[in-house]
1. Only one of these is among the small types (Gly, Ala, Ser) and in contact with an Asp or Glu (Cβ under 8 Å, 6 or more places away or on another chain): SER93, SER86. Name it.
2. Taking the condition more than 17 Å from the chain's Cα centre (by Cα) and either under 28 Å from ALA21 (Cα atoms) or not polar (S, T, N, Q) (or both), does GLU123 pass?
3. Among the residues that make up the stretch 39-56, is at least one of them part of a strand (DSSP E or B), surrounded by fewer than 18 Cβ atoms within 10 Å (Cβ to Cβ), under 18 Å from the mean Cα position of the chain (by Cα) and aliphatic (A, V, I, L, M)?
4. Taking the condition free of Cβ contacts under 8 Å to residues at least 24 places away in the same chain and acidic (Asp, Glu), does GLU92 pass?
5. Among the residues of the stretch 159-174, count how many are modelled with pLDDT of 95 or more and under 16 Å from the mean Cα position of the chain (by Cα).
6. So, PHE87, is that one aromatic (Phe, Trp, Tyr), assigned to a strand (DSSP E or B) and touching a residue at least 12 places away in the same chain (Cβ under 8 Å) or not?
7. Taking the options GLY46, GLY26, GLY106, GLY37, name whichever one is under 28 Å from SER210 (Cα atoms) and of a type outside the set (A, V, I, L, M, F, W, C).
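The values are calculated or read from the model by the stated rules, or taken from the named source; none is laboratory data. Values in this document were obtained by computation on a predicted structure and should not be read as measured data. Here the Cβ positions follow ideal geometry from the backbone for every residue, glycine too, while neighbour counts run over all protein chains shown.
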Amino acid sequence: MKVAPSILSADFGKLDVEIKAICDGGSDYVHVDVMDGHFVPNLTIGPVVVSAVAKVATKPLDIHLMVENNTFFVELFAPLKPEFISFHIESESHPHRLIQKIKSLGIKPAIVLNPHTLPESIEYLLEDLDMVLLMSVNPGFGGQKFIPSVVEKARRLKSMINARDLKTVIEVDGGVNDKNIKDLKNAGVDIVVAGNYVFSNPSYKNAISSLK
């Protein structure tokens, strides 16, 4: 299991210290939530702050776009060379075209599914994706309670991936902790995003290792 702590739950007053702590504590990625105040009712961070994060981070960035104008934001963040850029299928009219654009920029494309969105909605895009991110809370705010039905959803998605003999990885974001991590692993999840669980622990290293 790989762990991508979400900096949405970090203390932004000492963000450089927080980033160093999760990277030194064994994180595999630094998960960055970008919200535009339109697709979700929250506004987070732009390229100036994320650029500062990229300079401090010793692990790859995993940028999760919760926005309406996906192409604009992809172009905005592409120069930071994150490992993944993920966008919501619910907010994109031309997902295949955007996937190809992300690939052309040397970045791994990923699609995000809200809790109500079926895995079958991206069945014909799977071969072009490096990752699918399943939301296990409604997007927009950190610290929400885990929606258990995502476990079965991950299992269905894993079956679709295996049936096509693909290497697409599955990430889950929202309410992940040491109580539900085994169910997620058994369902075929490869990466978990953990914000509150990591940053509310006195030892980020202990929190990350408990998930691993």
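1. Criteria check complete, one pass: SER86.
2. Yes.
3. For the stretch 39-56, residues part of a strand (DSSP E or B), surrounded by fewer than 18 Cβ atoms within 10 Å (Cβ to Cβ), under 18 Å from the mean Cα position of the chain (by Cα) and aliphatic (A, V, I, L, M): present.
4. It is true that GLU92 is free of Cβ contacts under 8 Å to residues at least 24 places away in the same chain and acidic (Asp, Glu).
5. 6
6. yes
7. Only one candidate passes the filter, namely GLY26.
To keep it simple, each residue is scored yes or no on (1) among the β-branched types (Val, Ile, Thr); (2) modelled with pLDDT of 95 or more; (3) outside any helix (DSSP H, G or I).
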{"site": "GLY13", "(1), (2), (3)": "no, yes, no"}
{"site": "PHE72", "(1), (2), (3)": "no, yes, no"}
{"site": "PRO82", "(1), (2), (3)": "no, yes, yes"}
{"site": "ILE102", "(1), (2), (3)": "yes, yes, no"}
{"site": "GLY106", "(1), (2), (3)": "no, yes, yes"}
